[in-house]
């Protein structure tokens, strides 16, 4: 388990999720995030997939890559802290679904991951790319494999910079109407399930899981 730190993500206690197994599952299912760091005195961010891996000693990493042309990579390898942000479903919650007068709000799931960046060597990069491609090609009708790509195509790997983010802390906010009554939660779930968008339905499902 990661050590507790002063929360830098604003999370009221009733929305703060400390269930490590649940958070790991979330990160595996929502691996496309935003990597944020400082380089040249500026805050930089890149939207990329980052896969959660765990070594035998329990140390957790996020593994990913960016283009070598991306100025964000200039500070990779330093001890400066970086932040990776992952978002789950979110949904507008109408206060008309409550039993008492109140302002509307928004339900959501978000996870912030903190750590430092280590640069991958070529073999580590190729291994991480193989893992990434294998994971997402698994459901394809005609899955590709790095083993079947030509040397010319694989040469594009020379243009990317692989990294692993050594995780020092994970902070998770699951805002799912925890402060409402049991009756109101049932009403909110029912209303969300009738909304014509998948994110509202996913929030309703998350609320059911939390309630159970």
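Yes or no, residue by residue, for (1) modelled with pLDDT under 95; (2) crowded, with 20+ Cβ neighbours inside 10 Å; (3) not in a helix (DSSP H, G or I):
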{"site": "113", "(1), (2), (3)": "no, yes, yes"}
{"site": "130", "(1), (2), (3)": "yes, no, no"}
{"site": "171", "(1), (2), (3)": "no, yes, yes"}
{"site": "178", "(1), (2), (3)": "no, no, yes"}
{"site": "187", "(1), (2), (3)": "no, no, no"}
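Take residue 56 and decide whether it is without any contact (Cβ under 8 Å) to a residue 40 or more places away in the chain and over 30 Å from residue 182 (Cβ atoms). Criteria met by residue 56.
Residue 194 meets each of the listed conditions (1) touching a helix residue (DSSP H, G or I) at 6+ places or on another chain (Cβ under 7 Å); (2) within 30 Å of residue 12 (Cβ to Cβ); (3) modelled with pLDDT of 95 or more apart from (1).
With respect to the conditions (1) in contact with a helix residue (DSSP H, G or I) (Cβ under 9 Å, 6 or more places away or on another chain); (2) surrounded by 19 or more Cβ atoms within 10 Å (Cβ to Cβ), residue 206 lacks only one, and its number is (1). Whether a residue is at pLDDT below 95, in a helix (DSSP H, G or I) and more than 30 Å from residue 196 (Cα to Cα) was assessed, and residue 74 passes this test.
Restricting attention to segment 132-148, does a residue exist that is buried (at least 20 other Cβ atoms within 10 Å of the Cβ), touching a helix residue (DSSP H, G or I) at 6+ places or on another chain (Cβ under 6 Å) and either at pLDDT below 95 or in a loop (DSSP other than H, G, I, E, B) (or both)? No, segment 132-148 contains no residue that is buried (at least 20 other Cβ atoms within 10 Å of the Cβ), touching a helix residue (DSSP H, G or I) at 6+ places or on another chain (Cβ under 6 Å) and either at pLDDT below 95 or in a loop (DSSP other than H, G, I, E, B) (or both).
Restricting attention to segment 60-87 and to residues that are surrounded by fewer than 22 Cβ atoms within 10 Å (Cβ to Cβ) and in contact with a helix residue (DSSP H, G or I) (Cβ under 6 Å, 6 or more places away or on another chain), the residue that is nearest to residue 175 (Cα to Cα) turns out to be 66.
The values are calculated or read from the model by the stated rules, or taken from the named source; none is laboratory data. Everything quoted here is computed from the prediction, not taken from an experiment. FYI the Cβ positions are ideal-geometry reconstructions off the backbone, even for glycines, and counts take in every protein chain you see.
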